[in-house]
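Okay, so here's the structure we're looking at.
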Amino acid sequence: MNLDLDGRTALVTGSSQGIGAAIAEGLARSGARVGVNGRDAGRLQESVENLRAAVPEGDFVPVAADLGTEEGAARVVGELPDVDILVNNLGIFGAKPALEIEDDEWRRYFDINVLAGVRLTRAYLPGMMRRGWGRVLYIASDSAVVVPAEMIHYGMSKTALLAVGRGFAKEAAGSGVTVNSVIAGPTHTEGVEEFVYQLVDRDLPWDEAQRAFMRDHRPQSLLRRLIEPEEIANLVVYLSSDQASATTGAAVRVDGGYVDSILP
């Protein structure tokens, strides 16, 4: 299957590391010009250098901005006014007892994990619809469906993304633009390594800690290991391509069988 994105411009939010960086690399390998986003300009530049080393022929545009704010969104749109593929990957997570999550933290999770994507969709979707082609993707999580007891504020934000994706798909109906959510399962990133060690013995070597985490905290996984970021990126690249033209309004799973359902 030839997933040719030559001539397309993509923006991947929160892409200076982890899943976002893997998605940026995958889109560039398929020919897209890719806007790479992060808050820290120094770290972002380092990430772009790593991406250019991985994909020498790639065209990467660093855009330093805090997309949890209106000002940050305006800065990104100013630097990348026309985007064909919008991947709303930005997100935060962390464990906290449910009764200890205060109002400000609920708002913070909603602002960053949900509203950041809504703002950019409002900015870019009209142009995609006028041009008759576009892809909007929201990186959700198995936590949207199987809400973890240790981080219900995160689960809430990812459940909201599924509704947002379905709703904007209806707005774009018949326009040639598709809007989908990707339900990612437990994935191996630096941030997740720290999260794992919040829940298991910090003295364990990583391989043992990962197995203990999956056994004790994610036993539903059929994969029985953490997913690698590139495995998430592969699905995103497909959904960004012409070949995925009939998939819209969907929540597509790349979760290692974590969600116990026969439906997508």
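Just so you know, all these numbers are worked out from the coordinates, no wet-lab data involved. This structure is a prediction, so every number in the text was calculated from the model and none was measured. Virtual Cβ from ideal backbone geometry, glycine too; neighbours counted across all protein chains shown.
What the table shows:
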item	result
Residue exposure sequence - Ile183, Ile19, Ile227 - by fewest surrounding Cβ within 10 Å	Ile227, Ile183, Ile19
R0 of 51 Å, Cβ-Cβ distance Arg202-Ala74: FRET efficiency to nearest 0.05	0.80
J(HN,Hα) series, segment 139-144, from Karplus relation 6.51 cos²θ - 1.76 cosθ + 1.60, nearest Hz, glycine and proline x	8, 8, 6, 4, 5, 5
Label-point gap, in nm, between Asp216 and Ala54 - each point 7 angstrom along Cα→Cβ	3.1
Arg39 long-range amide H proximity, modeled H, under 5 Å	Ala65
Cα long-axis angle, helix 190-199 against the chain (0 to 90 degrees, to the nearest 10)	20
Cα-based helix-to-principal-axis angle, 116-131 vs the chain, degrees rounded to 10	30
Gyration tensor (alpha-carbon) shape descriptor, segment 172-264, a/c threshold 1.5	prolate
Dipole magnitude of the chain, debye to nearest 20 (Cβ charges: Lys/Arg +1, Asp/Glu -1, about Cα centre)	900
CD proxy at 222 nm, helix term only [per DSSP H run n ≥ 4: -39500 (n - 2.57); per residue of the chain; nearest 500]	-13500 deg cm²/dmol
For peptides 137-148, 112-123, 20-31, sequence by mean Cβ density within 10 Å, most packed first	20-31, 137-148, 112-123
Calculated from backbone phi, Karplus (6.51, -1.76, 1.60) coupling profile of segment 59-72 in Hz, x at Gly/Pro	10, 10, 10, x, 10, 7, 6, 8, 7, x, 10, 5, 5, x
Ranking of Leu51, Leu11 by count of other Cβ atoms within 10 Å, fewest first	Leu51, Leu11
In Å, descending, principal axis extents of the Cα set of segment 103-216	55, 32, 21
Cut-off 11 Å between beta-carbons: net charge of the residues surrounding Asp40, Lys and Arg +1, Asp and Glu -1	0
Calculated Cα Rg over 2.2 N^0.38 Å (choose from (1) 0.97; (2) 1.04; (3) 1.15), label	(1)
Rounded, prolate or oblate (a/c below 1.5 giving rounded, otherwise prolate when a/b exceeds b/c) for segment 40-140 by Cα gyration tensor	oblate
Crossing angle, helix 229-239 versus the chain [Cα axis fit, 0-90 degrees, rounded to tens]	40
Potential extension, Ala41-Val146 segment - 0.36 nm per residue separation minus Cα distance	34.3 nm
Residues listed by number, segment 147-168, amide nitrogen under 18 Å from Trp106 label point at 7 Å toward C-beta	147-161
Phi-based couplings in Hz for segment 10-22 (Karplus 6.51, -1.76, 1.60; Gly and Pro marked x)	10, 10, 10, 7, x, 10, 7, 6, x, 4, x, 5, 5
Neighbour-count ranking [beta-carbon atoms within 10 angstrom, fewest first] of Phe93, Phe168	Phe93, Phe168
